Structures are given as structure tokens and as C-alpha cells.
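K.L.:
Submitted below is the structure of interest, expressed as C-alpha cells.
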Amino acid sequence: MLSRTAANLFWIGRYLERAETTARLMDVGHRNALLPNTGGGFRNEWGAILQAMGAAGRFAEKYGDETRQRDIETFLFFDLDNPASVGSCLGAARENARIVRTALTTQVWDAINGAWQEFRAMQRRERSQVALPDLADWTLRMTALVRGSIEATQLRDDGYHFLNIGYAIERGDNTARFLDVKYFVLLPSISYVGSGLDTYQWTTLLRALSAHRAYNWAYGGELTASRIAHFLILNRLFPRSLLSCVGTANDCLESLSRGYARTTPAQDAARVLLAELAEARVEEIFDEGLHEFLTRFIAENAALAQAVHDAYLTGEAR
């Protein structure tokens, strides 16, 4: 496969997953903003979301220091100047898909193109007619439709593997940021651990990741920081866990290695990261510090993405 084509497919996966994550973060912020501030401390949930996305400075430059929900909706969903907005991500995914149209099935192209056309129609509607939860729900439906089309119709060839490497790397990064938002940013202080606010925020996080019922199946419903950290980091059965994401990337890279009869530094990076997570224990993670562990994972996951780029994606896809 041409490196340019591989790069476009890789970035389709990343942009679609990023659009979905932005919608999930919108849902987290909206749900937490509904909780009354009865305990004092840091309670700017929208500010926390912007910090997690690395977009606080960009938002302040355009909308000022005050985080009003209407401005947040515009910035995270409609604002095409924000590269992480739902609209920007869908537009970038569609452009990459248009370039490699012949590498995608009709169903996958129609799902991506249809999502973009619906977004453009939503841009023309009165903003007051669309509630934030509806924007988030629409995004999750559209990205799920694309994902289902990929799984149902694409050949399990190189293109499929590059799509899934993009999905897996982006999803791992985003799960780590979700967990860090809750544990390190949102809670006012350590004294709130185990409080009603703490439990509400954990529940909101799991629901935003479509993981609440799965967590109850796996752990019986008791919400503790260590169990939720284990679920989102080390549980192989949960498709959004860090271990599952790295495992998916590793499997796809191993398939490429067999197909091309050679191993690259990308395979080596994935194997090292997978081995580290497979051997980790949640007690060791908390001993290191959850925030420190997640920060290190995000850096190592980014290094894996760079290794994939250097080994396979020499084209300049955006």
C-alpha cells in the first residue's frame, strides 16, 4: 500500500475517534455542570474539560476567560477554527476519505460523507434549537455508524489495519485523558474522595464512556478509584481500556509485519508498551501516582504514533 494512502486511512480513524471523544467530553462537562456547588473548591467543570483537551489557551483567545456554556458548545462542536471540534474532525475525516475514496467501501464513504452533510445542515439551524446533549448523542450515533460500516464491509487488508491503528492510538490517548480529568482535575481536594461528589463524577465518567453497565458486570457496581482505574487501564475485556487499545494497535502492526515480512520500530514500540501494561498492577500505578502514570502513558502512546508514522506514513496527510 502507498504510504500516502496508509496515512489517509490512519488519520480517518484518528479524526473519527477524536470527534467521538470531544462529544463524550461535552457530555461529561454538561452532566457535572448540573451538580450544585455545595462544597466549594475548584468547580469549573468546563475549564477542566478544556485543560484535558489542551485547548484552554485557544478558547481564551477567542472567547475570553469566562467559560459560558453557549461558547463551549460553539467551540467544541461547531467551531472550525478549533482543530479538535466535532466539525473540524468530521471535516478532516471526510477530506482524508475523499482522497482515498477507492480504498473504502461505498458504505463507509456514505457514512462519513453523510455525517459531514448532516453537520453542515446543523450549522444552519438556530443554535437555541439544538441542546448540548443532543449534539453529543448525534455525534456518537454518526461515529458508531461509520465504525459499524468499517467492521461490516471493509476487507481485513492493510487499509483495515491502518484504520484500526489510528482508532486504537487515538482511543488510548483519549481514555487516559478522561481518567486524568476525573482523578486529577475535577475533584476539589483529596478530602472529597469517597464523597457524593466523587461518586457522581465517577458515574458520569463511566456513562460518558458508555461503560457504566459493563463496569457493573465486571465489578458488581461498587465504585472505587482503584477498581475504575483497573477497568479503564488494565481490563482486557473493555474495548476502551488502555491495555485493550494498545493490544489492538499491536495486533494490527503484527499483521502488517507478517504481510511485509519485516519488523519496524513501530512493532517494537507497541510490544514494549503492551508488555508494560500487561504486567502492571493497579497498586503499582497508584504508588507511582495515577496522574504521573497517565502522563507517561500519553507520552509513550504518542511515541508509538510517531513510530508508526516514521515506519509507514511518509505522506503528508492532515
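The values are calculated or read from the model by the stated rules, or taken from the named source; none is laboratory data. Because the structure is a prediction, the values reported are computed rather than measured. Methodologically, a virtual Cβ is constructed for each residue, glycine included, from the backbone with ideal geometry; neighbour enumeration extends over all protein chains shown. For the accessible areas, the whole protein counts, side chains as well, though only heavy atoms, and no ligand, DNA or RNA atoms are used. Shrake-Rupley method; radii C 1.70, N 1.55, O 1.52, S 1.80 Å.
K.L.:
Let a ≥ b ≥ c be the square roots of the eigenvalues of the Cα gyration tensor of the stretch 144-183; is it rounded (a/c under 1.5), or, if not, prolate (a/b larger than b/c) or oblate?
P.N.:
Since a/c reaches 1.5 but b/c is at least a/b, the shape of the stretch 144-183 is classed as oblate.
K.L.:
How large is the dipole of the chain about the Cα centre if only Lys and Arg carry +1 and Asp and Glu carry -1, each at its Cβ, rounded to the nearest 20 debye?
P.N.:
820
K.L.:
Find the relative contact order for the stretch 36-165 and round it to a whole percent, using C-alpha pairs within less than 8 Å whose residues are 6+ positions apart.
P.N.:
RCO, the stretch 36-165: 17 percent.
K.L.:
Something else now. Which shape class applies to the stretch 232-299: rounded if a/c is under 1.5, otherwise prolate when a/b exceeds b/c and oblate if not, where a ≥ b ≥ c are the square roots of the Cα gyration tensor eigenvalues?
P.N.:
Here the stretch 232-299 falls in the prolate category.
K.L.:
Moving on. Counting each DSSP H run of 4 or more residues in the chain as -39500 (n - 2.57), what helix-only mean residue ellipticity at 222 nm follows after dividing by all residues, to the nearest 500 deg cm²/dmol?
P.N.:
Calculated from helices alone, the mean residue ellipticity at 222 nm is -23000 deg cm²/dmol.
K.L.:
Here is a follow-up. In the neighborhood of Thr143, defined by Cβ-to-Cβ distances under 14 Å, what is the net charge if each Lys or Arg adds +1 and each Asp or Glu adds -1?
P.N.:
Summing Lys/Arg as +1 and Asp/Glu as -1 gives +1.
K.L.:
Right, here's the next one. Say we join alpha carbon atoms closer than 10 Å with springs in a Gaussian network model of the chain; which of Thr22, Thr105, Thr139 then has the biggest fluctuation?
P.N.:
Thr105
K.L.:
Something else: Convert each backbone phi in the stretch 246-261 into a coupling constant with the Karplus relation 6.51 cos²θ - 1.76 cosθ + 1.60 (shift: θ = phi - 60°), then list the ³J(HN,Hα) values in order as whole Hz, x for Gly and Pro.
P.N.:
So the J values, rounded to whole Hz, are 5, x, 5, 4, 5, 4, 5, 5, 5, 5, 5, 4, 5, x, 9, 6.
K.L.:
Right, something else. If one puts a single equal scatterer on every Cα of the chain and applies the Debye formula without solvent, what log₁₀ I(q)/I(0) results at q = 0.08 Å⁻¹?
P.N.:
-0.36
K.L.:
Can you list residues whose amide H is under 5 Å from Val100's amide H, if they're 5+ apart or on another chain and H is modeled 1.01 Å from N?
P.N.:
Excluding prolines and chain starts, which carry no amide H, there are no hits.
K.L.:
Ok, one more. Give the relative contact order (percent, whole number) for the chain; include only Cα pairs under 8 Å separated by 6+ residues.
P.N.:
Reported as a whole number, the value is 27 percent.
K.L.:
To continue, here is another question. Can you work out the Karplus-derived ³J(HN,Hα) for every residue in the stretch 204-209? Use 6.51 cos²θ - 1.76 cosθ + 1.60 with θ = phi - 60°, whole Hz, and x for glycine or proline.
P.N.:
4, 4, 5, 5, 5, 8
K.L.:
For Arg258, what is the net charge nearby, where nearby means another residue's Cβ is under 13 Å from its Cβ and Lys, Arg count +1, Asp, Glu -1?
P.N.:
Surrounding charge for Arg258 is -2.
K.L.:
Relative to the Cα centre, what is the charge dipole magnitude of the stretch 70-181, using +1 at the beta carbon of each Lys and Arg, -1 at the beta carbon of each Asp and Glu, and rounding to the nearest 20 debye?
P.N.:
280
K.L.:
Another question about this same structure. Can you work out ³J(HN,Hα) from phi for every residue in the stretch 100-114, in order, using Karplus 6.51 cos²θ - 1.76 cosθ + 1.60 and θ = phi - 60°, giving whole Hz and x for Gly and Pro?
P.N.:
Per-residue couplings from phi come out as 10, 3, 6, 8, 10, 6, 4, 5, 5, 4, 4, 5, 5, 5, x Hz.
K.L.:
Same structure, new question: Counting only C-alpha contacts under 8 Å and six or more residues apart, can you give the relative contact order of the stretch 44-88 as a whole percent?
P.N.:
Relative contact order of the stretch 44-88: 25 percent.
K.L.:
If you add up the charges near Ala131, with Lys and Arg at +1 and Asp and Glu at -1, over every other residue whose beta carbon is less than 14 angstrom from its beta carbon, what do you get?
P.N.:
Overall, the nearby charge balance is -1.
K.L.:
Another one. Using a 1.4 Å probe and ignoring any ligands, DNA or RNA, find the accessible area of Trp116 and quote it in Å² to the nearest 10.
P.N.:
Accessible area, nearest 10 Å²: 40 Å².
K.L.:
Out of Glu151, Glu279, Glu17, any idea which swings most in a Gaussian network model of the chain, alpha carbons joined below 10 Å?
P.N.:
It is Glu279.
K.L.:
Right, another one. For the stretch 75-153 and the stretch 215-262, what is the separation of their C-alpha centers, rounded to whole Å?
P.N.:
So the separation of the two Cα centres works out to 26 Å.
K.L.:
Please give the residues of the stretch 246-267, grouped as numeric ranges, whose backbone N is less than 17 Å from a label point set 7 Å along the Cα-to-Cβ vector of Gln306.
P.N.:
It comes to 265-267, nothing else.
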